[in-house]
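Everything below concerns the one structure shown next.
The values are calculated or read from the model by the stated rules, or taken from the named source; none is laboratory data. Just so we're clear, the structure is a prediction, and the values are computed from it rather than from any experiment. Backbone-built Cβ (ideal geometry, glycine too); neighbour counts: all protein chains shown.
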């Protein structure tokens, strides 16, 4: 990125902010985001699809006193922007007064964003489709050649992209960040006795060199698909449930949704009003850390341009803090935790960055060994998690445990309980957290849930 | 013809530029190609805590250029539409699909549009803001008046006008202007520590006045509020296999998840669907006929033409229990040697089209819905659902109830808390033992996700009974 380009973008944002003020805005903030990405897919060894994307756009939030409105556009011609900004300021004038709606306090911008978080790999700029196709093919090949029961494939895929975000507001703040990411995955189908199953595995990273090898990803995908073959439907019962790390992360994701400011101030979270209370087993500690080098959701500044900071969400099972942006913090009478996240369109809202649960000591095998009769969940499907009421009922498949050993695969079942009950009765935490995920938990064992089957 | 060129002019493209671009893509070795121009103007308004807090407006446009050779697809897209960018994208797409080959010239021909399913002239996105804000405020007051336990009301109105111009490999230019609206109401009811939610809404390819006609907005309000309050007294759902009666309308999501995705052409060409190779086989009870119909006026899932320029149609998927066919886009139809069915859809110019559903529903049967319920000794009556999901390879699908009741001795009794249902796509419709005479389409709230692309869809169902579906509650 040359200096000229940076100045160009800064000038564009300044023009957007000035135009908003000219039309009557009393404050505003704006983003310019541009990106390039490529996706390739190889299926059964042949290139199936190559897709190249380029995008750019401007997002703007304007305030007229304590009224606000937002806009976004990919049409950056001056005439079009002028018209859109005029309409947006006009829209702000007719929305309601909302005392919580404002830019962050100017004093908060005194904190400088952290130095290089290693989020941008120059090598991604020169990665070409041919190299990526070879890697995707190697990944799919490894999956297909791992076992004769692999009879088909949804392909090997690789995607990578880089993006650049410029932020400016009418307090005179201007910030720039760059980032990139790359991912590689494959989805083999396996077949035995006329029954088909599929599964996938992946690797993703900020830096190309940090990807797992295509071969290891392919072999793992096939291992995961094969272990589903011959699944039975279990009898309806109540047993201990172990969530394997990837699905445990989804359980943590449900908690993440319930601690975000938007759900809390609307009283649409089962965790609303519970800061300082015990909400999980005492071994549970969960931290939101935007400063992890090469972290999947690391960021130097948030969607309102504030330097990010670490937030302890749960410590020793006690809820310590929500994740907040300026608006939700004002609604709750708290300070922002600098977790504003923002796309081009719409208003900022609080969301986690790298929300990681502290791992325990036990291996997954050790968690299983303590279970006389139970279920290791390896896949969840559906949307049966209600963060408002805490009710939990999800479609699942996995492996049945008998006398501390994996006995046979099971599918077409559901598991049900409530989120508060599950977090309180957690009685085992694995040592196996996946660092590639932004919301990441180790394998977790819940003392008892209802399994519905036949 | 002049109409289509006028429409193209808004994208800043003229006939020579189109011919040059198509000429650059098409060669002996390229089987298909298209250009997809899109301009979207959208607006979102939302109310909470009694005031409209959010108003947002966006304008997005761009072009996607595709070349297909055999089963290889090259796709490039850009949000800058000009001759040079088009040519660059065309060359990129062609290079991906296949190297070499000679260029061939393509003449630009007339339109291929056969329907006019949403002739809206007064687009909701252009309606004065005051009218829309006023409606959201009335919704807030009306919802709070239903019951003092309604403590939070969230209402939103989204509208867009999407204009697409599709230039096909044979030089056809199809222009389609697509309105889309959606009004949504969510109520949270609180009683002590018990907090429950209820939602309702609707919309379609229609004008803002749609919501004021026949007091539709009031229906949504009453339903959302009633559902939130009802759930305050809901008991734990039972767990295990049970007889389930699905009410009419939105519970048609069952069809979408259990069989719809599995019948999409791409999965079947590749042999990755649980339904692969099953055309002509019995996959449902003889009571069951299921269609996908993109031609119903003003529906959320309807289109005059799909996103490849093919006119939409009514496709019979299952007739009297027998699997009849799949949903196709151009690429998969060509590779499977069948005709496209007008189901090639994409989220935007930044996405490659693939076979997708439009409005998917089961035809009505003959039974009185009240008799269907009376025939169940112990089971569940489910009338509203949240989301669903399917694994198209194993056929396992789930969907989660948001309003459901116990049936005891043929009577609908206590409401139960959100239970998830799980079943196996190729099996579940064989367990249908009764089909009601009360087919309803949903109110226009469905959005379907596939490979990261979201498109608006519709579903529909008469009251049906399914024997032995697994219900995922907590009570054993």
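Just a yes or no: is a residue in region A:352-368 in contact with a helix residue (DSSP H, G or I) (Cβ under 6 Å, 6 or more places away or on another chain), buried (at least 21 other Cβ atoms within 10 Å of the Cβ) and within 11 Å of another protein chain (Cβ to nearest Cβ)? No. Scanning region B:106-122 turns up no residue that is buried (at least 17 other Cβ atoms within 10 Å of the Cβ), at pLDDT 75 or above, within 13 Å of chain A (Cβ to nearest Cβ) and over 27 Å from residue A:133 (Cβ atoms).
Looking across region A:116-133, just one residue is assigned to a loop (DSSP other than H, G, I, E, B), more than 21 Å from the chain's Cα centre (by Cα) and in contact (Cβ under 8 Å) with a residue 40 or more places away in the chain, and that is A:127. In this structure, is residue B:195 within 14 Å of chain A (Cβ to nearest Cβ), part of a strand (DSSP E or B) and either farther than 30 Å from residue A:47 by Cβ or at pLDDT below 95 (or both)? Judged against the criteria, residue B:195 is a match. Having 3 or more residues that are within 22 Å of residue B:320 (Cα to Cα) is the bar; report the strands (runs of 3 or more DSSP E) wholly within region B:362-476 that clear it. Result: B:432-435, B:453-461, B:464-472.
State whether the residues of region A:225-241 include one that is out of contact with any helix residue (DSSP H, G or I) (no Cβ under 7 Å at 6 or more places or on another chain), in contact (Cβ under 8 Å) with a residue 60 or more places away in the chain, in a helix (DSSP H, G or I) and surrounded by 21 or more Cβ atoms within 10 Å (Cβ to Cβ). Yes: one or more hits.
Take the residues in region A:399-418 that are away from every other protein chain (no Cβ under 12 Å) and either closer than 24 Å to residue A:270 by Cβ or assigned to a strand (DSSP E or B) (or both), then tell me which one is nearest to the chain's Cα centre (by Cα).
Taking region A:399-418 first, the residues away from every other protein chain (no Cβ under 12 Å) are A:399-408.
Cutting the leftovers down to either closer than 24 Å to residue A:270 by Cβ or assigned to a strand (DSSP E or B) (or both) gives us A:399-402, A:405-408.
Numbers: A:399: 26, A:400: 29, A:401: 30, A:402: 34, A:405: 33, A:406: 31, A:407: 33, A:408: 32 Å.
This residue is A:399.
Considering each residue of region B:305-348, count those that are surrounded by fewer than 19 Cβ atoms within 10 Å (Cβ to Cβ), touching a helix residue (DSSP H, G or I) at 6+ places or on another chain (Cβ under 9 Å) and outside any loop (DSSP other than H, G, I, E, B), and give that number. So the count comes out to 2.
Please work out if residue A:96 is crowded, with 22+ Cβ neighbours inside 10 Å, assigned to a loop (DSSP other than H, G, I, E, B) and within 14 Å of chain B (Cβ to nearest Cβ). If you could, list the steps in order and put the result at the bottom.
Working: crowded, with 22+ Cβ neighbours inside 10 Å: no; assigned to a loop (DSSP other than H, G, I, E, B): yes; within 14 Å of chain B (Cβ to nearest Cβ): yes.
The answer is no for residue A:96.
In summary, residue B:19 fulfils each of the numbered conditions (1) touching a helix residue (DSSP H, G or I) at 6+ places or on another chain (Cβ under 9 Å); (2) under 17 Å from residue B:65 (Cβ atoms) with the single exception of condition (1). Going through (1) surrounded by fewer than 19 Cβ atoms within 10 Å (Cβ to Cβ); (2) touching a strand residue (DSSP E or B) at 6+ places or on another chain (Cβ under 8 Å); (3) more than 14 Å from chain A (Cβ to nearest Cβ) one by one, residue B:356 falls short only on (1).
Residues in region A:82-93 that are under 12 Å from residue A:16 (Cβ atoms) and at the interface with chain B (Cβ under 8 Å from one of its Cβ atoms): A:84, A:88.
Given the criteria in contact with a strand residue (DSSP E or B) (Cβ under 8 Å, 6 or more places away or on another chain), in contact (Cβ under 8 Å) with a residue 60 or more places away in the chain and away from chain B (no Cβ under 14 Å), does residue A:280 qualify? Yes: the conditions hold for residue A:280.
Filtering region A:209-222 to residues that are over 22 Å from the mean Cα position of the chain (by Cα) and buried (at least 16 other Cβ atoms within 10 Å of the Cβ) leaves A:214, A:218, A:219, A:220, A:222.
Taking region B:234-249 on its own, how many of its residues are more than 13 Å from chain A (Cβ to nearest Cβ) and either more than 17 Å from residue B:465 (Cβ to Cβ) or part of a loop (DSSP other than H, G, I, E, B) (or both)?
Start the filter on region B:234-249 by keeping residues that are more than 13 Å from chain A (Cβ to nearest Cβ), which leaves B:243, B:245-249.
Keeping just the survivors that are either more than 17 Å from residue B:465 (Cβ to Cβ) or part of a loop (DSSP other than H, G, I, E, B) (or both) gives B:247-249.
Qualifying residue count for the region: 3.
Please state which one of A:328, A:341, A:321 is out of contact with any helix residue (DSSP H, G or I) (no Cβ under 9 Å at 6 or more places or on another chain) and either more than 14 Å from every other protein chain (Cβ to nearest Cβ) or over 25 Å from residue B:394 (Cα atoms) (or both). First the steps, then the outcome.
Values: A:328 fails: out of contact with any helix residue (DSSP H, G or I) (no Cβ under 9 Å at 6 or more places or on another chain); A:321 fails: out of contact with any helix residue (DSSP H, G or I) (no Cβ under 9 Å at 6 or more places or on another chain).
Exactly one residue qualifies, and that residue is A:341.
Of the strands (runs of 3 or more DSSP E) lying entirely inside region B:4-99, the ones with 2 or more residues being over 30 Å from residue A:90 (Cβ atoms) and within 8 Å of chain A (Cβ to nearest Cβ) are found at B:72-78. Every condition in (1) within 14 Å of chain A (Cβ to nearest Cβ); (2) touching a residue at least 60 places away in the same chain (Cβ under 8 Å); (3) surrounded by fewer than 19 Cβ atoms within 10 Å (Cβ to Cβ) is met by residue B:427 except one, and the failing one is (2).
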